[in-house]
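Nothing in this text is a laboratory measurement; each read-out follows from the coordinates by a stated rule. All figures in this text were calculated on a predicted structure; none of them were measured in a lab. Here the Cβ is made from the backbone with ideal geometry for all residues, glycine too, and neighbour counts use every protein chain on show.
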Amino acid sequence: MQRQRVLEGSAKTPRMETGAEVISHAARPRQVKHRRYELAGWEFKPDKRGIRQKRAILRELPGE
């Protein structure tokens, strides 16, 4: 309660200035490297019931 009054400021005490907030290492946004793929071809494989399914074969593109 007293800390809240000090933070808000009053006629008797000047407003308590707080420094810049410290952001912890885990809270910083990380650079996410997105993987890129290209279509290499198609394959036809049976699913669990034996029905033929068309599936894409993807090739990962080298990163920049």
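Tally Lys and Arg at +1 and Asp and Glu at -1 over the other residues with C-beta under 13 Å from the C-beta of Arg52: what net charge comes out?
Surrounding charge for Arg52 is +3.
Could you tell me the calculated FRET efficiency between Ala26 and Asp47, based on Cβ-Cβ distance and R0 = 35 angstrom, to the nearest 0.05?
0.30
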